[in-house]
Amino acid sequence: MILDVINSNEIKKVDPVFGQLSFDNHEQVVFCNDKDTGLKAIIGIHNTVLGPALGGTRMWQYANEWEALNDVLRLSRGMSYKAAITGLNLGGGKAVIIGDAKTQKTPELMRRFGEFIHSLSGKYITAEDVGMETADMDLVREVTPFVTGISEDKGGAGNPSPITAYGVFMGMKAAAHYKFGSDILEDKKILVQGIGHVGESLVENLVNEGANVIIDDINEERLQEVSHKYGVSVYRGNDIYSEEIDIYAPCALGATVNDETVYKIKAQVIAGAANNQLANEEKHGRILKEREIVYAPDFLINAGGIINVYAELEGYDKQEIVRKTENIYNTTLEILEKSGSNGITTNHAALNIAKSRIEMRKKENSK
Ligand code: NAD
């Protein structure tokens with residue numbers, strides 16, 4: 001059946017699932033529906049060669065189901081490469097729940113969702129993402145062991161966001177070293193877009209380093225709170241992408257580097273937490289490279305969170321989590337240098353390494 005679907009803001013005529021541009025040989029896509037709780041969710045399992053597919057659950061009011069499907073396909077693919085490049089024995093998966101996290105999330109809905117995860121027998125392990133809290137993972141934990149990011153008093157590693165922010169900070173410093181010749185961020189003008197769980201922690205790291213931080217969010221209350229807490233200024237213009245800054249840190253949602261923004265961006269470095277920052281990896285990655293804007297691949301520098309939840313599975317201590325997260329600095333630098341010497345985009349350079357690790361393991365597994 002041929003349908004109209006929304007993909008990267010373009011209307012395309014493609015087959016519903018396997019024909020989507022975002023479909024990347026995903027192993028399994030599970031549609032979950034429960035009338036009683038109103039649950040409508042999609043679990044995307046991209047690749048399990050390195051291990052069980054681990055990735056957070058996002059609850060979002062998508063404009064339509066195609067947008068939700070597209071999101072889960074892109075996000076789960078990103079998780080495979082994130083785990084691979086970080087050296088973790090995990091596959092890539094992700095889940096989306098369609099709905100408003102503020103008004104439609106109930107304990108019953110979360111437990112029902114947990115039962116669907118349980119039915120996959122550990123092939124998919126969930127965690128928090130946008131719209132989810134540690135308390136929600138505790139509810140999922142009541143019905144399945146295949147969940148991470150549960151609260152510390154229940155044996156979990158707690159909220160992963162501060163460690164994600166620390167990894168982004170490390171990746172940003174490496175990108176600054178590559179672009180400006182020094183990783184010291186003091187006095188650098190850095191715009192943090194989205195000051196939620198990760199964004200706020202990143203602001204804290206940057207302020208401690210003496211950076212000149214500007215914040216942006218759609219939530220005015222958060223802006224006031226974070227601005228007062230850290231003494232940082234709030235962006236009040238009407239075209240954020242044209243702002244004269246040194247570093248742009250996207251920490252809200254993905255696809256902010258797109259056809260409309262890619263030629264406007266004045267920052268010399270892009271390094272943030274949001275997943276899938278490039279609306280079109282190839283095209284926008286190439287334009288950034290041509291414009292000599294250093295893009296630190298999102299799936300590489302926002303891996304702190306997955307390192308943190310992986311620790312729950314492997315029983316790592318905090319020191320090991322911090323050590324692995326700090327290593328994001330070295331990996332980022334290696335990738336930026338490979339991108340420079342091989343004339344390929346930074347995203348491409350990172351993907352090459354991640355894909356070759358998966359391929360090598362696939363060969364070993366088949367011996
Ligand atoms: P969050 O929901 O706590 O924060 C997101 C913030 O972005 C909110 O304050 C929201 O108001 C703001 N926002 C939304 N749309 C915006 C817009 N158009 N412009 C400006 N601000 C906007 O989410 P989070 O946990 O901080 O995650 C942020 C991003 O990082 C997400 O893309 C997430 O997938 C990614 N990420 C998070 C983790 C983690 O450990 N939490 C790990 C890896 C990646």
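The values are calculated or read from the model by the stated rules, or taken from the named source; none is laboratory data. Because the structure is predicted, anything quoted here is derived from the model rather than measured. A quick note on method: Cβ atoms are made from the backbone with ideal geometry, for glycine too, and the neighbour counts reach across all protein chains shown. SASA here: full protein model, heavy atoms, side chains in, ligands and nucleic acids out. Shrake-Rupley method; radii C 1.70, N 1.55, O 1.52, S 1.80 Å.
Remarks
- Of the numbered criteria (1) more than 19 Å from Ser80 (Cβ to Cβ); (2) open to solvent by 40 Å² or more (accessible area, probe 1.4 Å); (3) free of Cβ contacts under 8 Å to residues at least 40 places away in the same chain, the one Ile293 fails is (2).
- Flag if Lys318 is at pLDDT 95 or above and within 16 Å of the ligand (Cβ to nearest atom): no
- Subset of segment 320-348 [open to solvent by less than 20 Å² (accessible area, probe 1.4 Å) and small (Gly, Ala, Ser)]: Ser339
- Across segment 225-240, the number of residues qualifying as outside any loop (DSSP other than H, G, I, E, B) and within 9 Å of Ile215 (Cα to Cα) comes to 4.
- Of all the criteria given as (1) outside the structural domain of Asp34 (by TED's automatic domain parsing); (2) open to solvent by less than 60 Å² (accessible area, probe 1.4 Å), the one not satisfied by Thr144 is (1).
- Exactly one residue out of Leu185, Leu191 is within 11 Å of the ligand (Cβ to nearest atom) and surrounded by 21 or more Cβ atoms within 10 Å (Cβ to Cβ): that is Leu191.
- Which numbered condition Ser121 misses (of (1) of a type outside the set (Asp, Glu); (2) farther than 21 Å from Lys154 by Cβ; (3) more than 14 Å from the ligand (Cβ to nearest atom); (4) touching a strand residue (DSSP E or B) at 6+ places or on another chain (Cβ under 9 Å)): (4)
Residue-wise test of (1) out of contact with any Gly (no Cβ under 8 Å at 6 or more places or on another chain); (2) outside the structural domain of Thr345 (by TED's automatic domain parsing); (3) small (Gly, Ala, Ser).
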{"site": "Ala211", "(1), (2), (3)": "yes, no, yes"}
{"site": "Ile215", "(1), (2), (3)": "no, no, no"}
{"site": "Leu223", "(1), (2), (3)": "yes, no, no"}
{"site": "Arg236", "(1), (2), (3)": "yes, no, no"}
{"site": "Glu243", "(1), (2), (3)": "no, no, no"}
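- Segment 233-257 - residue that is of a type in the set (A, V, I, L, M) and free of Cβ contacts under 8 Å to residues at least 40 places away in the same chain and, of those, nearest to Gly78 (Cα to Cα): Val257
- Criterion (within 14 Å of the ligand (Cβ to nearest atom) and open to solvent by 50 Å² or more (accessible area, probe 1.4 Å)) met by exactly one of Asn219, Asn208, Asn212: Asn219
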